1. When the stretch 99-126 is examined, which residues are found to be loosely packed, with under 10 Cβ neighbours inside 10 Å and not in a helix (DSSP H, G or I)?
2. Among THR88, THR63, which is the only one that is out of contact with any helix residue (DSSP H, G or I) (no Cβ under 7 Å at 6 or more places or on another chain), under 30 Å from LYS25 (Cα atoms) and among the polar types (S, T, N, Q)?
3. Here are some conditions: (1) basic (Lys, Arg); (2) closer than 16 Å to PHE13 by Cα; (3) not assigned by TED's automatic domain parsing to the domain that holds THR16. LYS64 meets all but one. Which one does it not meet?
Amino acid sequence: MSFSHERFSTEVFFRTHENGAVLFKTYGENRQNTLKIDQIAVIDMRSETIKSQGDTPLTDEETKLIKDWMHERKTVLEEREIDDILRTIDHLNLTAQWAQLKASDVDLERDTDQLLLSMHDLRTILSRKKTERFMNKP
């Protein structure tokens, strides 16, 4: 994700990874007309920490930009999680259709136990959570 921000004369680039990102400042205007990037921070989304890199501490503007990015990133990841759940429902329906109409005996022998265990685990958790919600209603 790259942001051009009116408060900066440079752009920034967030290289995302599993638990956060590395933030770089990018510079494109130099004699060789090449792009230069400098790592300025490491962001951990789980612990919500920001660690500046090098000898220069982050400015207030950089810190605000990072916090804004963290908020936006959290929203994106939450939306993706919901989309994954909805896709899982579709996949379960497609799997049922496959098992009923297309799966061979060899396919079913290979996959049935794992599917049944996964579905049993999911059903157990969903049933328990539903009971907890029912019991906690006023």
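The values are calculated or read from the model by the stated rules, or taken from the named source; none is laboratory data. Just so it is clear, the model here is predicted, and its values are computed rather than measured. Every residue, glycine among them, receives a Cβ derived from its backbone with ideal geometry; neighbour counts consider all protein chains shown.
1. If the condition is that a residue be loosely packed, with under 10 Cβ neighbours inside 10 Å and not in a helix (DSSP H, G or I), then LYS102, SER104 are the ones that fit.
2. THR63
3. It fails just one condition, (3).
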